[in-house]
């Protein structure tokens, strides 16, 4: 599947308010077809309440609900929604940026090992 097709599927699933990470297309294109399908299925599970998520630890983001998933060796997915409302962000990123997102939300102390 091409990244444009994935974007459209996700917009159809979550709504037009959805924001994609800057390099979504790059990372989606690098996934094998089975991993792409698995990612879309996971997004559907998140939407339908079958996937586990959590409220961020950082008090500035307590109005959000977050889902995390390892997709491939160095590719991670993060879905963010407003609590009791719509999904607003989808991030398909490499491990370092994933750690940065987790740090911002309060799930991780530092984005850098040995610091």
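So how many Å³ per residue does the convex hull of the Cα atoms of the chain work out to?
Hull volume normalised by residue count: 101 Å³.
Given the options 61, 27, 98, state which has the largest fluctuation in a GNM of the chain using a 10 Å cut-off (strictly under) for Cα springs.
So, out of 61, 27, 98, the one fluctuating most is 61.
Provide the gained length on full extension for the span residue 84 to residue 30, in nm with one decimal, where the gain is 0.36 nm per separating residue minus the Cα-Cα distance.
16.2 nm
So how do 10-19, 68-77, 85-94 stack up, highest first, on mean other-Cβ count within 10 Å?
Peptide ranking by packing, descending: 85-94, 68-77, 10-19.
Hey, what did the chain get for relative contact order, percent, Cα under 8 Å, at least 6 apart?
The normalised contact order for the chain reaches 24 percent.
Starting from 0.36 nm per residue, how many nanometres of slack lie between residue 100 and residue 74 once their C-alpha separation is accounted for?
Extra length from residue 100 to residue 74 when fully extended: 7.9 nm.
Counting only Cα atoms, I'd like the Rg/Rh figure for the stretch 49-115, Kirkwood definition for Rh.
That ratio equals 0.97.
Tell me the mean residue ellipticity at 222 nm calculated for the chain from its helices only (DSSP H runs of n ≥ 4, each -39500 (n - 2.57), averaged over every residue, nearest 500).
So the calculated ellipticity at 222 nm is -12000 deg cm²/dmol.
Any read-out appearing in this document is the output of simple, stated calculations on the displayed coordinates, not a laboratory observation. All values derive from a computational prediction rather than experimental measurement. Ideal geometry is used to build each Cβ from the backbone, glycine not excepted, and the neighbour counts take in all protein chains shown.
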